[in-house]
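Remarks on the structure that follows.
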Amino acid sequence: MIELKSVSAGYGKCGIVHDVSLTIPEGKVTALIGRNGSGKSTLLKAMLGFIPRSGGDILFNGIPLNRMSRAEIAREIAYLPQGKNVPDISAGRMVLHGRFPYLKYPRKYREQDFVIAEDAMRQMGISGLAQKRMAELSGGMRQKVYIAMALAQQAPAIVMDEPTTYLDIGEQFKFAGMVRQLSESGKTVLLVLHDILLALKISDQVAAMQQGRILQCGTPGEMVDSNVTGRLYGVAVKSFRTDRGVQYYYEADGESL
Amino acid sequence: MGWKKRMQGRRNRKRNGEVQGGWRQRHWRLLLGGACLLSLLAVCSSLCLGNVNFSPARLVSLLAGSGGGMERSIILYARLPRTLAASFAGAALAVSGAVLQNVLANKLASPGIIGVNAGAGLGVTLCCAFGILSGGAVSFAAFAGSLATVFLIFLFSSRTSASKTTVILGGVAMNSVLNAICESVTVLDTDVAMLSIDFRVGGFSAVSYTRLVPAMVLILLAFGVLFTLCNELDVVTLGDETARGIGLSVGRYRMLFLVLAALLAGAAVSFAGLLGFIGLIVPHFVRRFAGNESGRFLPLCVVAGAGFVTFCDMVSRLLFAPYELPVGILMSVIGGPVFLFLLVRHKGGHRYD
């Protein structure tokens, strides 16, 4: 469980994130939504200790963030950043680097690290890509490599910043299945998503951010009922029941999509 | 054979310390072995050939310490220091360039770009301006100059938390300031221009053990530290956020790598003068064959850099004997076209970005 207690953070004098309190429950999928520049990514970075906080506390299973070293944080949370550059190494090596936080100086990968990396790749169905260079892979494949890396990190929580950007609809679909699978295997998942329908579909909890504050946080049903997206984006999300569960669609100015 | 199978092979063999088994590993060993062989050949021929030629057998017996007072002196006090200097300078500059290119994520980075060369140049110019002209003093001044620059880089990068672009821009600014001071000194005192030209062109003709040994020790130390940090270097190149995400303090390590690279370059420049080109082309050349994983990349850079510079130095001595061509010029003449050829011919890599 990750608890944020009135966290404020940002760059320079005026902060970006103000007084955010949020609990990310264990083994559940939490989605963070909000307009561009509403402070989602900044909140993630503050949560991981990448940028200094100007106030508040962050607790991982009750342990405050300030008491943890960078490697200890990495063993608690695996982080998939938003803008990933493409390093010139093989995919297998990339996944293996997920074991980095467990190494002590001089940091050499051990036998068990290879085994864990191999398992992570098998779990993502990319064992065959180990020898491929990262630059040779498609966006979706690269995404899988990064997720395999996060799995190899064996952290109880995984945080992903806009993981579906650059993925085609088929890959997005597969991604949704993957997130479900992760959560079923007991991982805590926190996603920043721009695709509201996807967020509503795959998450157990949705938190909406506006101008650096949490506007509302609740289950997908509650978020739809209170028309949060209408207030955030001017585009409402409506739902209807089918025999295969609740379906969502966008509606703005009387037109639906 | 797939990675998986190879992994199982690994597990069966229970061998540690190797990155991946199978073809790639063998391929790399072959590459390293071949490069070692070629470099050794360059070193041996550099020891044997010159105004007086020795056969390899004679070389061995002379080095082992049997007879021949005059010949022994030639080997021990002319050829050996010169060959050592060429190989150490080559290795240090190549590795320095390789580290800088990776750490700054910039293909154009080389020791010159962060101001180390300019710092050393300023040290030498000032030294000459004060009328101190002994080889040892010039070498010391070059080293002090580059160390001072290393310190400035350290301060600058810690103030800017070692941001990649800022370090490069800062280096360019530092270069231009240091060069400006250099130029003004040479304009005011024209003798200095003549005196420091040897240093600016670079070369190994005036090398002696007193100049060489301290720099060699420093280079070996820096190599020692660097080779235990290969995985950290790889992780830094993954990008700042990914690296932080897997628990590396990127800023701190980038600073450490910058200082190590600057130390290597500074030590090399202190006895070899300004040989800029190696730091740029050797890493690129090696990367084409060995890939970008530091555990393989850096050792190969050491061997290739040492071999290339030793070879060039030997040719520069022999080509117009008894006159000598400055080795820097020869390196550009040989290395430049080879590099261009590689850029045009080699498929894959960064051709389409």
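Using a 10 Å Cβ count of at most 15 others and DSSP loop calls, identify the longest part of chain B lacking such chymotrypsin sites (Phe, Trp or Tyr not before Pro). Walk me through the numbers on the way to the answer.
Working: sites that count: B:Phe130, B:Phe320, B:Tyr323, B:Tyr352.
By the stated rule (loop sites, at most 15 other Cβ atoms within 10 Å), B:131-319.
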Out-of-range pairs (alpha-carbon distance over 28 Å; input A:Lys108/B:Lys164; A:Lys144/A:Lys238; A:Lys40/A:Lys187; A:Lys13/A:Lys104): A:Lys144/A:Lys238; A:Lys13/A:Lys104
Shielding of B:223-234 by partner chains, average beta-carbon count, 10 Å: 3
Rg and Dmax in Å for the range B:252-325, alpha carbons only: what are they? 14.7, 50
Which of the trypsin sites (Lys or Arg not before Pro) across the range A:32-127 are loop residues per DSSP, with 11 or fewer other Cβ within 10 Å? A:Lys104
May I ask you to compute the full-extension gain from B:Phe151 to B:Val213, defined as 0.36 nm times their residue separation minus their alpha-carbon distance, rounded to one decimal in nm? 20.1 nm
Highest-first arrangement of B:108-118, A:197-207, B:168-178, where packing means the average Cβ count within 10 Å: B:108-118, A:197-207, B:168-178
Descending principal axes extents, the range B:44-342, alpha-carbon based, whole Å: 63, 48, 35
Compute the distance in nm between two label points, each set 7 Å from the Cα along the Cα-to-Cβ direction, one at A:Gln211 and one at B:Leu40. 7.3
10 °C / 1.306 mPa s Stokes-Einstein diffusion coefficient of the range A:2-256, Kirkwood radius on C-alpha pairs, µm²/s: 83
Solvent-free Debye scattering, log10 I(q)/I(0), computed from the Cα coordinates of the range B:203-353 at q = 0.09, 0.15, 0.19 Å⁻¹: -0.36, -0.92, -1.28
Kirkwood radius from Cα pairs of the range B:59-142 plugged into Stokes-Einstein at 10 °C, 1.306 mPa s, gives D in µm²/s equal to 101
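Other chains' Cβ within 10 Å of A:123-130 residues: what's the mean?
Details: counts 0, 0, 0, 0, 5, 3, 2, 6.
Mean inter-chain Cβ contacts per residue within 10 Å come to 2.
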Which of A:Phe240, A:Phe114, A:Phe60 ends up with the largest GNM mean-square fluctuation for chain A, with Cα atoms connected below 10 Å? A:Phe240
Cut-off 10 angstrom, C-alpha nodes, Gaussian network model of chain B. Which of B:Val269, B:Val315, B:Val150 fluctuates the most? B:Val315
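Peptide A:89-100: average number of partner chain Cβ atoms within 10 Å per residue?
Working: counts 7, 7, 1, 7, 8, 3, 0, 4, 8, 2, 2, 10.
Counting Cβ atoms of other protein chains within 10 Å of each residue's Cβ and averaging gives 5.
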Is any residue of the range B:136-166 close enough, with backbone N under 12 Å, to a label point placed 7 angstrom from the Cα of B:Leu108 along the Cα-Cβ axis, and if so, which? none
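Using a Förster distance of 30 Å, how high is the FRET efficiency between A:Asn61 and A:Thr165, based on the Cβ-Cβ distance and rounded to 0.05? Intermediate results must be reported in sequence, preceding the final value.
Working: r = 30 Å, r/R0 = 1.01.
Between A:Asn61 and A:Thr165 the formula returns 0.50.
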Taking a crude spin-label model, label points 7 Å out from Cα along the C-beta direction, the A:Val86 to B:Leu220 distance in nm is 4.3
Taking only the alpha carbons of the protein assembly as shown, what extent do you get along each of the three principal axes, in Å, biggest first? 99, 60, 44
Once both label points are put 7 Å beyond Cα along the C-beta direction, the A:Asp19-B:Phe227 separation in nm becomes 5.9
Debye intensity ratio I(q)/I(0), log10, the range A:152-257, q values 0.10, 0.11, 0.20 Å⁻¹ (C-alpha model): -0.31, -0.37, -1.20
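Quick note: the coordinates plus some simple rules give every number you see, no bench work behind them. Quick caveat, the model's predicted, so the values are computed rather than measured. Positions of Cβ are backbone-derived with ideal geometry, glycine not excepted, and every protein chain shown enters the neighbour counts.
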